[in-house]
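Below is one structure, written out as structure tokens, with a few remarks after it.
The values are calculated or read from the model by the stated rules, or taken from the named source; none is laboratory data. None of the values given here were measured: they were computed from a predicted structure. Here the Cβ positions follow ideal geometry from the backbone for every residue, glycine too, while neighbour counts run over all protein chains shown.
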Amino acid sequence: MLDLIVRNATLSDGRQGLDIGVAEGRIQVVEARLAAVAGREIDAEGQLVTPPFVDAHFHLDAALSYGLPRVNQSGTLLEGIALWGELKPLLTQEALVERAMAYCDWAVARGLLAIRSHVDVCDPRLLAVEALLHVKERVRPYLDLQLVAFPQDGVLRSAGALDNLVRALDMGVDVVGGIPHFERTMAEGAESVRILCELAAERGLPVDMHCDESDDPHSRHVETLAYHAQRLGLQGRVAGSHLTSMHSMDSYYVSKLLPLMAEAGLAAIANPLINITLQGRHDSYPKRRGMTRVPELLAAGVPVAFGHDCVMDPWYGLGSADMLEVAAMGLHVAQMTSQEAMRECFAAVTTTAARVIGLPDYGLAPGCRADFVVLQACDPVDAVRRRATRLAVVRGGQVIATTPAATTALHLSGRPGAVDFSPPRPGGA
């Protein structure tokens with residue numbers, strides 16, 4: 001006997017009418033018309049069932065702090081960084097935990113069950129590190145929280161930041177972070193990449209650096225990151241986040257850079273909502289789009305994940321933990337409107353993101369952990385288009401969140417009934 005069966009599911013690869021059987025927290029079988037019984041059954045009614053959403057880049061220590069101690073009046077990246085510097089001395093561990101736990105509730109409701117969060121280590125008290133390590137243990141039963149030791153003010157530029165980063169890793173932080181473009185000089189930025197990659201290699205840890213988050217076409221630290229990843233044998237364990245300078249680089253240089261990144265096994269993490277908001281602020285018109293070259297990276301064989309980056313914090317006063325909103329923005333900004341490209345954007349917040357952050361046992365195949373979401377959509381493109389309702393969220397075979405299907409009743413003369421936002425069936429005129 002199985003613990004759970006989801007009947008009549010449509011999967012992201014287009015297969016329809018499948019039943020998913022779950023026992024002991026794992027997917028046991030995926031087949032049509034499964035002849036078995038279970039303690040609980042869910043009829044998906046032909047709707048899309050997908051592995052959970054994954055946020056490959058976030059700042060949970062700052063989430064939901066909007067307005068503290070004041071609002072970012074300019075809405076710019078630099079004022080946001082300055083504002084975070086004002087807020088840090090006022091932080092308490094209790095408030096950090098409370099806001100982070102509230103955001104994790106939002107995430108679960110949206111089917112977001114894995115988050116890689118950068119945590120600032122430039123405060124010698126390491127309050128945020130302690131708080132998020134505590135949150136990580138509290139949410140472990142229902143959400144995978146990965147932490148990156150992030151020297152927000154520069155690992156060389158900020159006094160004691162490197163020692164703080166090492167202390168954070170000793171405390172149990174999972175990933176080595178950095179921000180080379182924020183160091184005092186290009187040379188110090190390159191040196192910070194070397195130091196941090198060697199530290200990761202010594203400890204057997206992944207690397208995820210804020211890299212070239214700038215409109216400056218000469219900010220090229222990702223080249224250095226690729227060099228050290230290959231030199232130290234870190235292929236497949238290194239990600240460059242943001243990479244926004246790439247949208248301003250000369251295309252000839254990019255034609256050299258992309259193969260270097262692919263050879264080094266680098267992954268790229270774009271943050272569409274925030275990149276399009278914070279970059280290009282010095283431009284009049286025409287304005288640069290502000291996001292890295294996603295289609296070109298994919299064509300070169302570099303996996304690209306998307307992150308939400310910020311939700312209601314000093315940098316961004318919006319957001320609700322909806323990774324479909326992130327995918328939709330990425331799709332539009334990168335002009336990825338072919339059928340294949342739109343599915344790539346859905347993968348950037350699901351399967352590709354899971355691969356980039358090294359999430360184990362992820363997927364909808366026998367043996368995978370029974371984590372998945374039933375969406376009010378017929379396929380991934382429809383899910384992005386509608387920001388599909390999460391009808392059910394399942395973690396380890398247990399239903400942990402449900403949302404009623406979105407319906408709207410019309411009260412129009414001669415046209416009563418409900419609005420159906422499903423796409424027309426193929427073959428219609």
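Results, tabulated for the structure shown:
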read-out: Residue that is nearest to Ile269 (Cα to Cα), among those in the range 305-336 that are among the acidic types (Asp, Glu) and crowded, with 24+ Cβ neighbours inside 10 Å; value: Asp309
read-out: Unique residue being under 24 Å from His181 (Cα atoms) and either surrounded by fewer than 18 Cβ atoms within 10 Å (Cβ to Cβ) or touching a Lys or Arg at 6+ places or on another chain (Cβ under 8 Å) (or both) when the list is Gly80, Gly154; value: Gly154
read-out: Test result for Met291, within 22 Å of Leu147 (Cα to Cα), in contact (Cβ under 8 Å) with a residue 12 or more places away in the chain, part of a loop (DSSP other than H, G, I, E, B) and not assigned by TED's automatic domain parsing to the domain that holds Val374; value: no
read-out: Residue check for Ile269: in the same structural domain as Thr76 (by TED's automatic domain parsing) and in contact with a Cys (Cβ under 8 Å, 6 or more places away or on another chain); value: no
read-out: Search result, residues across the range 249-266 that are assigned to a helix (DSSP H, G or I) and surrounded by 13 or more Cβ atoms within 10 Å (Cβ to Cβ); value: Tyr253, Val254, Leu257, Leu258, Pro259, Leu260, Met261, Ala262, Glu263
read-out: Test result for Gly280, assigned by TED's automatic domain parsing to the domain that holds Thr351, in contact with a helix residue (DSSP H, G or I) (Cβ under 6 Å, 6 or more places away or on another chain) and on the phi > 0 side of the Ramachandran plot; value: no
read-out: Strands (runs of 3 or more DSSP E) wholly inside the range 90-181 that include at least 1 residues being among the polar types (S, T, N, Q); value: 112-120, 144-150
read-out: Search result, residues across the range 92-101 that are surrounded by fewer than 21 Cβ atoms within 10 Å (Cβ to Cβ) and either in contact with a helix residue (DSSP H, G or I) (Cβ under 7 Å, 6 or more places away or on another chain) or of a type in the set (Phe, Trp, Tyr) (or both); value: Gln93, Val97, Met101
